[in-house]
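Peer 1: Next up is a structure, given as structure tokens.
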Amino acid sequence: GQQVMQIPQYQHVQEGEDFTTYCNSSTTLSNIQWYKQRPGGHPVFLIQLVKSGEVKKQKRLTFQFGEAKKNSSLHITATQTTDVGTYFCAEAAGNKLTFGGGTRVLVKP
Amino acid sequence: DTEVTQTPKHLVMGMTNKKSLKCEQHMGHRAMYWYKQKAKKPPELMFVYSYEKLSINESVPSRFSPECPNSSLLNLHLHALQPEDSALYLCASSPRGLGNQPQHFGDGTRLSIL
């Protein structure tokens with residue numbers, strides 16, 4: 001079964017507002033990758049987090065790995081219409097990626 | 001533009017047909033993957049090839065048969081598929097078959113089984 005759970009499943013955001021999506025696991029994660037899939041598109045790699053408590057930023061996106069390596073979050077500030085899509089976290093272990101269920105983001109202009 | 005090329009983009013086939021999906025990358029990656037993605041669901045891993053050898057088969061039915069002719073090419077042969085096999089089939093590659101490397105995905109083949 002799925003090892004990583006993502007919440008929320010859906011996120012309706014007003015343009016300009018901030019939001020956060022969460023990725024949770026009952027077991028310790030070796031590392032976490034985040035992908036974005038635009039409607040009708042394919043997953044695109046965003047970032048990888050490896051260290052406990054790690055924080056990485058990409059422009060308006062902030063990614064965090066929990067201290068216990070059992071959760072991760074993606075925070076987007078000042079949401080734009082280009083942020084529309086599904087954001088997946090994925091545990092990378094061995095040579096496998098196991099995806100969470102994804103957070104589908106809709107932006108209201 | 002994606003660096004992983006998949007053909008065809010769309011495929012409609014009957015349950016008795018035999019067809020193949022193709023995937024190509026020229027990034028020198030030595031690990032290649034097949035995923036199945038149903039609508040509004042995450043990609044599900046099917047097969048992993050590492051250095052042209054099958055390293056993971058996620059208990060995929062034998063009506064799906066993968067092939068890796070060389071380090072740049074990955075095929076998925078289809079035979080006697082069922083309607084529930086209709087999905088987006090994604091190919092991906094990574095530099096090595098290690099979990100700590102990002103995967104590069106193709107645009108996928110959207111498959112419909114009649």
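The values are calculated or read from the model by the stated rules, or taken from the named source; none is laboratory data. The shown structure was predicted, so the numbers you read here are calculated from the model rather than taken from an experiment. Here the Cβ is made from the backbone with ideal geometry for all residues, glycine too, and neighbour counts use every protein chain on show.
Peer 1: What tally of residues in segment B:72-97 results from selecting those that are assigned to a loop (DSSP other than H, G, I, E, B) and touching a Gly at 6+ places or on another chain (Cβ under 8 Å)?
Peer 2: Within segment B:72-97, residues that are assigned to a loop (DSSP other than H, G, I, E, B) and touching a Gly at 6+ places or on another chain (Cβ under 8 Å) number 1.
Peer 1: Among (1) assigned to a loop (DSSP other than H, G, I, E, B); (2) surrounded by 18 or more Cβ atoms within 10 Å (Cβ to Cβ); (3) away from every other protein chain (no Cβ under 11 Å), there is one condition A:Glu67 misses while meeting the rest; what is its number?
Peer 2: For A:Glu67, the exception is condition (2).
Peer 1: Let me ask something else. Filter segment B:34-55 for residues that are touching a Leu at 6+ places or on another chain (Cβ under 7 Å) and facing chain A (nearest Cβ under 8 Å); which is nearest to A:Tyr87 (Cα to Cα)?
Peer 2: Result: B:Pro43.
Peer 1: If you don't mind, another one. Can you pull out every residue in segment A:54-109 that is in contact with a Cys (Cβ under 8 Å, 6 or more places away or on another chain) and closer than 25 Å to B:Leu90 by Cβ?
Peer 2: If the condition is that a residue be in contact with a Cys (Cβ under 8 Å, 6 or more places away or on another chain) and closer than 25 Å to B:Leu90 by Cβ, then A:Ser72, A:Leu74, A:Cys89, A:Phe99, A:Gly100 are the ones that fit.
Peer 1: Return the residue satisfying two criteria in turn: it lies in segment A:1-37 and is part of a loop (DSSP other than H, G, I, E, B) and of a type in the set (S, T, N, Q), and of such residues it is surrounded by the fewest Cβ atoms within 10 Å (Cβ to Cβ).
Peer 2: A:Ser26
Peer 1: Starting from residues that are outside any strand (DSSP E or B) and within 14 Å of chain A (Cβ to nearest Cβ), keep the ones in segment B:1-33 and report whichever is surrounded by the most Cβ atoms within 10 Å (Cβ to Cβ).
Peer 2: The qualifying residue surrounded by the most Cβ atoms within 10 Å (Cβ to Cβ) is B:His29.
Peer 1: Would you please list the contacts, defined by Cβ atoms under 9 Å and residues six or more apart or on different chains, that run from a residue in segment B:11-38 that is without any contact (Cβ under 8 Å) to a residue 60 or more places away in the chain to a residue that is in a loop (DSSP other than H, G, I, E, B) and acidic (Asp, Glu)?
Peer 2: Within 9 Å, the pairs are B:His26/B:Glu3.
Peer 1: Now for a different question. Go through (1) at pLDDT 95 or above; (2) surrounded by 18 or more Cβ atoms within 10 Å (Cβ to Cβ); (3) within 14 Å of chain B (Cβ to nearest Cβ) for A:Val44 and report which single condition fails.
Peer 2: (2)
Peer 1: Among the residues that make up segment B:69-78, is at least one of them in contact (Cβ under 8 Å) with a residue 24 or more places away in the chain, within 14 Å of chain A (Cβ to nearest Cβ) and not charged (D, E, K, R)?
Peer 2: no
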